[in-house]
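J.: Sharing a structure here in structure tokens format.
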Amino acid sequence: MKRLCALALSLVLLLNGCASSPPSSQGSGTSAQSVDQSQPLPTPEPQPEPEPEPIVSHLMVAGDIMSHTPVVDDAYVAETDRYDFSHMYQDAAVQLAGADYAIANLETPLAGGPEYLGYPVFDAPDELAYDTKAAGFDLVSTANNHSRDQGMDGIYRTLDILDQAGLAHVGTYRSQEERDQTSGIYVADVGGISVAFLSYTYGLNGFRLGEEQGYAVNLFNLDYASSLSEPDYDLMAADLAAARAMAPDLIAVMIHWGVEYQNEPNHHQTELARFLVEQGADLVLGGHPHVLQPYETLTVQGWDGQERQGFVCYSLGNFISNQQELETRTTVVLELELTRDPVNGETKVTDVCYTPYYMLHRDDRPAGERRWLVEIHGALAAWEAGDKGVVDQRSYEQLRAALDHCHSVL
């Protein structure tokens, strides 16, 4: 992957002068070629200042990281009695190595087991956090409908493990004081461009937070435990105002919303997306439907009355999961090129591209090889070149269909 780098420029000033001739061997007079030392040296021509270079960085975004039971079982290493998810990430890790910053949605608590659980109330091994970090991710959203699957202690312990793994997080908090320190905002350096990240979820699968525990999860619905139809516009507007006050180059909102298994956003998503962009969001990055939904650029009238634009991706689908349908196993790593103008300081999304992936299910293989998130183009090319180590005829056809589906949505 090519990345633009600022070139270090050296300004070399060439000084032109003359040296005095040696004294004449005849007489004590000065040679005719001697220079009058009382005269000033010539002044060098002023050199123009080099043009400042734009700052260009690459933000990579992935979908939902889930710990369904077959995923956890495939990560178990009997010899060490530990878990290793790295084989699932190996293709994506190659791409993520080229990111200035990479983010995803962690849709499971890390509550410590010892019996790890899949759907409907997740609890994943701690190694998932460490392997997600090792794969190249820098930040995860922790606000989603499974945040409270293992109670308040599960919320708190998840954050502790993420901190230990060196994986930044946004969306859940251990105390009101912790949330108040930043208004629930995490500001990251994305290749020299500052991005303020916020995160919200529509609800908690019917679970409720205690009366004094509202700080724990960023919820964008007031009726999050019932009809899910009353957005908390005051909360989001206040958080986005706080983000604007921090004066980052960009504001990104990671949001858990929409209807599962629908490839098109619904009215609630599109209306909420417009509101977020109006309030200052430059990027709105969605999850929860477990399938891909399209992206677009919205043009709205902002909070200050000025026209502004925001990039919205309604859903990136699953990333790591064990769901069965082709649409739920098809995903992408979305790559956003961010450019800051060196003259006016404006930062924009200047390019968008995506790399398709597919979660292979290979139940005839031994543990450690059954679940593999493959980069589709590379896997197809390997099979067509005669390499049958990963892809067989059946999965080759699945990959072709997944690629067509991906392009049809995005």
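J.: What is the sum of charges around P289, taking Lys and Arg as +1, Asp and Glu as -1, for the other residues whose C-beta is under 11 Å from the C-beta of P289?
T.: Neighbourhood net charge equals -4.
J.: Mind checking the dipole of region 241-378: about its Cα centre, +1 per Lys or Arg Cβ, -1 per Asp or Glu Cβ, Debye to the nearest 20?
T.: Dipole magnitude for region 241-378 comes out near 340 debye.
J.: Still on this model: Take every Cα pair under 8 Å in region 146-261 that's 6+ residues apart, average their separations, divide by the length, and report that relative contact order as a whole percent.
T.: 26 percent
J.: Once you list every other residue whose beta carbon is under 9 Å from the beta carbon of N221, what net charge do they have if Lys and Arg are +1 and Asp and Glu are -1?
T.: It works out to a net charge of -3.
J.: Also: Within the chain, what whole-number % of the accessible surface is contributed by carbon and sulfur, with the 1.4 Å probe and all protein chains included in the calculation?
T.: C and S atoms contribute 49 percent here.
J.: Here's another thing I want to ask about it. Can you give the net charge of the other residues whose Cβ lies under 14 Å from the Cβ of L250, counting K and R as +1 and D and E as -1?
T.: Numbers: positive: R244, R308, R340, K348; negative: D100, D189, D249, D282, E337, D341, E346.
Charge balance near L250 sits at -3.
J.: Only Cα pairs under 8 Å and at least 6 apart count here; give the relative contact order of region 268-410 as a rounded whole percent.
T.: Result for region 268-410 is 18 percent.
J.: Separate question: Which whole-number percent gives the relative contact order of region 79-210, counting Cα pairs below 8 Å spaced six or more residues apart?
T.: 24 percent.
J.: Ignoring everything except DSSP H segments at least 4 long, calculate the 222 nm mean residue ellipticity for the chain; use -39,500 (n - 2.57) per segment, divide by total residues, nearest 500.
T.: When only DSSP H runs of four or more count, the value is -7500 deg cm²/dmol.
The values are calculated or read from the model by the stated rules, or taken from the named source; none is laboratory data. It should be emphasised that the depicted structure is a prediction, and the values quoted were computed from it without experimental measurement. Glycine also receives a Cβ, built like all others from the backbone with ideal geometry; neighbour counts cover every protein chain displayed. To get the accessible areas, we keep the full protein, side chains included, count just its heavy atoms, and leave off ligands, DNA and RNA. Shrake-Rupley method; radii C 1.70, N 1.55, O 1.52, S 1.80 Å.
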